[in-house]
Structure formats: structure tokens, C-alpha cells
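Trainee: Below you'll find the structure I mean.
Values in this text are rule-based calculations from the coordinates and carry no lab data. Please read these numbers as outputs of a predicted model, since none were measured by experiment. Cβ placement follows ideal geometry from the backbone for every residue including glycine, while neighbour counts extend to all protein chains displayed.
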Amino acid sequence: MDTRSPLRVHAAQIILLVIVNLFVGGMVGLERTVLPLVAKQDFGLAGTSAAIAFIISFGIVKTVSNLRWFREFSPIG
């Protein structure tokens, strides 16, 4: 029986999760501050329209990606 802490056993995965969350947080911060400015100056759009379009497109891409990887690596699929 393994008596090691689950945190030690999965340390590499936890570190990777923390790094990914840092990058996602940084991207969300950039999206909220930079995207409305670029949308207004370059495309003449309201900041909220650009932010909503970004969120919708991100959600679609994330969904398609998750479905593909689920089918590829799931023991069920």
C-alpha cells in the first residue's frame, strides 16, 4: 500500500495545472483590458461586442477541442 501523500504522488500534474491556470488568468486579464481598446480603435466596435465575440469563439473552439480529445483518448469512446 502506498502511504505517500497524494500531493507528492501527483506533484508534476499539480504544477502543470498551476502553470496552465496562470496562463489562462493572464489571457483573461489581457482580454478584458486590451481587446476592448483594439476593437474600438481598429474595428470601430463597442468593447462589449468584441468581448462577447471572443468569449463565444473561445467556447466553441474549447468545446470542439474537448470533444476531439475525449473521443481520441477516452477508454469509453
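Trainee: Sort out which residues of region 54-77 are farther than 19 Å from residue 24 by Cβ, out of contact with any helix residue (DSSP H, G or I) (no Cβ under 6 Å at 6 or more places or on another chain) and small (Gly, Ala, Ser), and write them in order of number.
Mentor: Within region 54-77, 74 is the sole residue that qualifies.
Trainee: Which members of region 40-73 meet the condition of being loosely packed, with under 10 Cβ neighbours inside 10 Å and of a type in the set (D, E, K, R)?
Mentor: Matches in region 40-73: 42, 72.
Trainee: Let me ask something else about it. Does residue 37 qualify as being surrounded by 10 or more Cβ atoms within 10 Å (Cβ to Cβ) and in contact with a helix residue (DSSP H, G or I) (Cβ under 9 Å, 6 or more places away or on another chain)?
Mentor: Numbers: surrounded by 10 or more Cβ atoms within 10 Å (Cβ to Cβ): yes; in contact with a helix residue (DSSP H, G or I) (Cβ under 9 Å, 6 or more places away or on another chain): yes.
So residue 37 fits the description; yes.
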